Amino acid sequence: MLRYWTAGESHGQTLLAMVDGFPAGVTLDTAPIDADLKLRQGGYGRGGRQRIETDTVQIRTGVWRGESLGSPLALEVVNKDYKLERLDELPRPRPGHADLTGSIKHLGGIRPILERSSARETAVRVAAGGLAKLLLAEFGVKTLGYVVELGGEKIEPVPGSIDEHRELRGKSEIYALNPERDAAIKDLIKKTGKAGDTLGGVVEVRVEGLPFGLGTHAQWSSKLDGKIAQAVMAVQAIKGVEIGLGFEAARRPGSQVHDPIHFDESQRDTANLGFVRPTNNAGGLEGGMTNGQPLVVRAAKKPISTLAKPLESVNLQTKEADAASYERSDVCAVPAASIIVENVVAFEIAAALVDKFGGDSLVEMRARYDLFLKMARER
Ligand SMILES: Cc1cc2nc3c(=O)[nH]c(=O)nc-3n(C[C@H](O)[C@H](O)[C@H](O)COP(=O)(O)O)c2cc1C
Ligand SMILES: C=C(O[C@@H]1CC(C(=O)O)=C[C@@H](OP(=O)(O)O)[C@H]1O)C(=O)O
């Protein structure tokens, strides 16, 4: 079973992800993981913290001569802005953040809560997802996350392959796939920030090259749609998850939702085994299993809760009305969220791949993957 946990405070010494169940024999190149970490720090609208940090991953355990050992991996991203001595401070709780509820739940202060609830922790979730993507790449699986809506403005991707789209995302400061929209959306973020406010948006993740049958129909807790929904909803500030048509499917008759099944002999040797679908409204998942089509997941991110023009709050000692605390903050982190959501989805897919094909070693996984494709084609 491939799984991970994270540890670390936003302004603590370091952030850690412990990854368990990762197969032996995978070449662990940290360059693509560092590239993801850099993207996660970027995107137009990020605040002052990102000028302090330069995130890179160190793989502390589970690696020998550049290859995974099949033992647990400890991934580390060190914080530069280390200042935990401020744990005793008592800021005013920010509406929308974990401050008020966390401090009551733990019968303590706000700072210990904000230190751990902070999305700084997503640096090591992205690192764990980046590691998972190294495994996925061995099986020809490609992932991409990008922004499709920001501040209520839809940003329709221009047509293109996943590789062309990766290039487009690389050139966009808002990580969208429509270069004509960048300037206006950046302007919107700038104006909103100047007004002391913040913006949310919608990100989409596409995954291509998936074989049939990752996940299962047989047990609720192992259905891949459920696993993906949990991983994505557990990203800070994500408030909704859709797979394929998502909520729109509820508004249409069945004939305009379900994807007809055709067979194309020329695609028999690809991951879809020749079963092609003229539409992909299911977003690549039927019955909790991948169905040979691209996976399409969308996530709604709420606006940042820390406002430069703070909302009403309460002084927790005097219980008197006072403005919520503000030091510094992102104005918009939707582009960063597209990378985070991509990587948490990638981890769940890698976990499902390990479940299906065995996670002891890459060579065994490959042999079992090839055997499965052969048996599925010949059945
Ligand atoms: C990439 C990213 C950056 C974030 N930056 C901030 C920030 O600068 N200030 C803030 O108040 N919230 C920020 N958030 C959101 C909070 O972490 C989040 O709203 C909070 O932990 C409460 O959790 P919830 O929104 O999931 O209920 C960010 C979220 C993400 C994904
Ligand atoms: C540090 C990161 O994001 C942080 C997420 C965050 C929050 O409340 O979630 C609050 C801010 O922290 P700070 O008060 O130190 O500026 C963000 O910068 C990061 O993503 O690397």
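A compact table of results
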{"item": "Among the residues listed as K319, K309, the single one being away from ligand 2 (no atom under 16 Å from the Cβ) and at positive phi", "result": "K319"}
{"item": "Qualifying strands (runs of 3 or more DSSP E) (wholly inside the range 292-339; at least 2 residues being of a type outside the set (S, T, Y) and within 13 Å of ligand 1 (Cβ to nearest atom))", "result": "295-301"}
{"item": "Sole exception among (1) surrounded by 21 or more Cβ atoms within 10 Å (Cβ to Cβ); (2) within 16 Å of ligand 1 (Cβ to nearest atom) for G193, by number", "result": "(1)"}
{"item": "Condition broken by G70, with the remaining ones in (1) under 20 Å from the mean Cα position of the chain (by Cα); (2) in a loop (DSSP other than H, G, I, E, B) satisfied", "result": "(1)"}
{"item": "Which listed residue, of G62, G129, G47, G96, is in contact (Cβ under 8 Å) with a residue 40 or more places away in the chain and more than 30 Å from G201 (Cα to Cα)", "result": "G62"}
{"item": "Hits in the range 325-364 - residues which are surrounded by fewer than 21 Cβ atoms within 10 Å (Cβ to Cβ) and either hydroxyl-bearing (S, T, Y) or within 16 Å of ligand 2 (Cβ to nearest atom) (or both)", "result": "S325, Y326, E327, R328, S329, S361"}
{"item": "Residue within the range 350-363 that is β-branched (V, I, T), closer than 30 Å to A35 by Cα and away from ligand 1 (no atom under 12 Å from the Cβ) present", "result": "yes"}
{"item": "Count - residues of the range 319-363 that are without any contact (Cβ under 8 Å) to a residue 60 or more places away in the chain and of a type in the set (D, E)", "result": "2"}
{"item": "Residues of the range 29-40 that turn out to be buried (at least 18 other Cβ atoms within 10 Å of the Cβ) and in contact (Cβ under 8 Å) with a residue 60 or more places away in the chain, as a count", "result": "5"}
{"item": "Helices (runs of 4 or more DSSP H) completely within the range 152-254 that count 2 or more residues being under 25 Å from Q293 (Cβ atoms) and either modelled with pLDDT of 95 or more or touching a helix residue (DSSP H, G or I) at 6+ places or on another chain (Cβ under 7 Å) (or both)", "result": "162-171, 224-233"}
{"item": "Selection count, the range 255-271, where residues are at pLDDT below 95 and either of a type in the set (V, I, T) or under 25 Å from the mean Cα position of the chain (by Cα) (or both)", "result": "2"}
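The values are calculated or read from the model by the stated rules, or taken from the named source; none is laboratory data. Quantities reported herein were computed from a predicted structural model and do not represent experimental measurements. Cβ sites come from the backbone with ideal geometry, for glycine too, and all protein chains shown count toward neighbours.
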